[in-house]
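As structure tokens, the structure follows; a few thoughts come after it.
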Amino acid sequence: MPRAHITLDKHAVIAPVRRRTFGSFVEHLGRGVYTGLYEPEHPSANDDGFRMDVVELVRELGSTTIRYPGGSFVSGYRWEDAIGPREKRPVRRDLAWHSLESNQVGLDEFARWLKLTGSEPMLAVNLGTRGIQAALDLLEYANHPSGTALSDLRVANGTPEPHNVRMWCLGNEMDGPWQTGFMTAQDYGKIAARTAAAMKTADKDLELVVCGSSGSGMPTFGDWERTVLEHSYDHVDYISCHQYYQEHDGDLGSFLASAVDMELFIDTVVATADHVGYKKRSTKKIDISFDEWNVWYLKEHQESGEVNDEWRHAPRQLEDLYTVADAVVVGNLLMTLLKRGDRVTSASLAQLVNVIAPIMTEPGGPAWRQTTFYPFSITSRLAAGEVIRPLIDAPTYTTARHGQASVVDTIATVDEDQAAVFLVNRDLAQAAQVTVDVRSLGSARVIEAVTLADADVYAKNTLAEQQRVIPRANPSATISEGVLSIDLPPVSWTAIALRQAAGD
Ligand code: AHR
């Protein structure tokens, strides 16, 4: 049985827990919006046509900032199509997903939906088929209070208050040959810099995200970041990271170590950004917006033919059903984002509903939680205060894809009178016996300990069996003389909430 010993020091602070770490992403793709968020005929729909059963689950998920409306979709999007009277909105072709867009949901509706969920918008502008003027127009429509053509149009359309969108993405994955209007790093760096400068002339406090690579596997990865930032460094605040993981060829050990790769990716982008900043003798630091991350069975999607020659409205696309192992990886990736909260100050789980999502719906039917819902919702609920760096003494194992990986990984957060410890056991067969020295936290007691695991690591929640996999209390968690002990089943994710004893 693997054993691990972890030491927590509440003074070893990495960064504050950034609420934007718990961001998500809604794209006009498949059933992400239509029959996902919006289904006027559904029994739970409100007057706007939004499914309130989904709103409830999004609240429970605890997602904060929500990126919209794409993704690859945004690179062919005309935002003006989706404002004003619904009956006048045009149906358009969406080239990214080869489907039809009815435009029945646009910015104003989405902003109303965000209010229901208590989330903040993060908008992407189209730099694929459009440019500076369209971005400025959207900014004026969204954020200018009133008294100009486009702000008055928003008011006339029924939204008197500005949406006050703070975070904006300057296009999406512009390095990817699949992206409508993809560009070289030189070309993109220039248009991103000019668009950012113009947007900041309108509002200097905007937080702007320039596109990094579509993933660390791109042939231009690294050079892309450097070149784009050489052009745009002074005008932007964030560079994006996107990365999806999946199990390849039955290699579960490598898949479970995906967080090792994510951390290396983050380190590399930080180093590249700092290299450019140093060359420019700039005192400014560029943060990372990890605005697409998840498990996605991309290879299977590409082979599935679900994106085909037909032009359908809201077809079933990217509706991955997630396993226990997938949830362990998602939980571990989220731990890594917290761990790198010194530079990753915003992140978006891609996506939110139906499309590679923690929440699934059936048209006219129920909404339910995937396995991946749980580590996200529990971490969002428990992580508070500051992230602290744990000292981990644990065995390692060799992976084919990511080198050496610790069998047990962990991160912890500490607030005034409470703390949370998140753990994964990557061992395929054995439970891990873990002890955590929590003396630095004062006389803490366990108030909650939950584990997500299953004898079948490929068990899933499905429409027919929506609660097949749920997190369960882990009764092995105990504290004695400042040492927390817990057993972690093989392939598992665990969260422990600690509270200081009264008077401590
Ligand atoms: O999230 C699905 C797609 O993945 C997004 O549209 C795109 O940005 C990425 O390639």
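When R31, R59 are checked against the criterion of being touching a residue at least 12 places away in the same chain (Cβ under 8 Å), of a type outside the set (A, V, I, L, M), away from the ligand (no atom under 14 Å from the Cβ) and assigned by TED's automatic domain parsing to the domain that holds S348, R59 stands alone in meeting it.
If the condition is being away from the ligand (no atom under 16 Å from the Cβ) and farther than 19 Å from G106 by Cβ, then the stretch 149-186 contributes R166, T184, A185, Q186. Cβ separations smaller than 7 Å between residues 6+ apart or across chains give the following pairs from the stretch 407-421 residues that are farther than 17 Å from V329 by Cα to residues that are open to solvent by 10 Å² or more (accessible area, probe 1.4 Å) and acidic (D, E): T413/E386; V414/E386.
Where helices (runs of 4 or more DSSP H) sit wholly within the stretch 251-320, those with at least 3 residues that are surrounded by 14 or more Cβ atoms within 10 Å (Cβ to Cβ) and in contact with a Ser or Thr (Cβ under 7 Å, 6 or more places away or on another chain) occupy 258-279. So which of L382, L452, L441 ends up being surrounded by 17 or more Cβ atoms within 10 Å (Cβ to Cβ) and in contact with a helix residue (DSSP H, G or I) (Cβ under 8 Å, 6 or more places away or on another chain)? The unique qualifying residue is L452. If you go through the stretch 350-397 and keep only what is assigned to a loop (DSSP other than H, G, I, E, B) and within 16 Å of the ligand (Cβ to nearest atom), you end up with Q351, L352, N354, V355, I356, A357, P358, Q370, T372. Scanning the stretch 1-57 for residues that are open to solvent by 10 Å² or more (accessible area, probe 1.4 Å), over 28 Å from A384 (Cβ atoms), touching an Asp or Glu at 6+ places or on another chain (Cβ under 8 Å) and in a strand (DSSP E or B) turns up Y38, A45.
Is it the case that the stretch 86-106 has a residue that's closer than 13 Å to E27 by Cα, more than 16 Å from the ligand (Cβ to nearest atom) and in contact with a strand residue (DSSP E or B) (Cβ under 9 Å, 6 or more places away or on another chain)? Yes: one or more hits.
Does M199 count as part of a loop (DSSP other than H, G, I, E, B) and either crowded, with 17+ Cβ neighbours inside 10 Å or of a type in the set (F, W, Y) (or both)? Judged against the criteria, M199 is not a match. Taken over the stretch 230-250, the residue count meeting the criterion of being of a type in the set (S, T, Y), surrounded by 22 or more Cβ atoms within 10 Å (Cβ to Cβ) and not in a helix (DSSP H, G or I) is 3. Within the option set A464, A420, being outside the structural domain of Y245 (by TED's automatic domain parsing) and assigned to a strand (DSSP E or B) holds for one residue only, A420.
The values are calculated or read from the model by the stated rules, or taken from the named source; none is laboratory data. Given the structure is predicted, the values throughout are model-derived calculations rather than measurements. Note: ideal-geometry Cβ built from the backbone for every residue, glycine included; neighbour counts use all protein chains shown. Quick note on the areas: whole protein, heavy atoms, side chains included, nothing else; ligands and nucleic acids left out. Shrake-Rupley method; radii C 1.70, N 1.55, O 1.52, S 1.80 Å.
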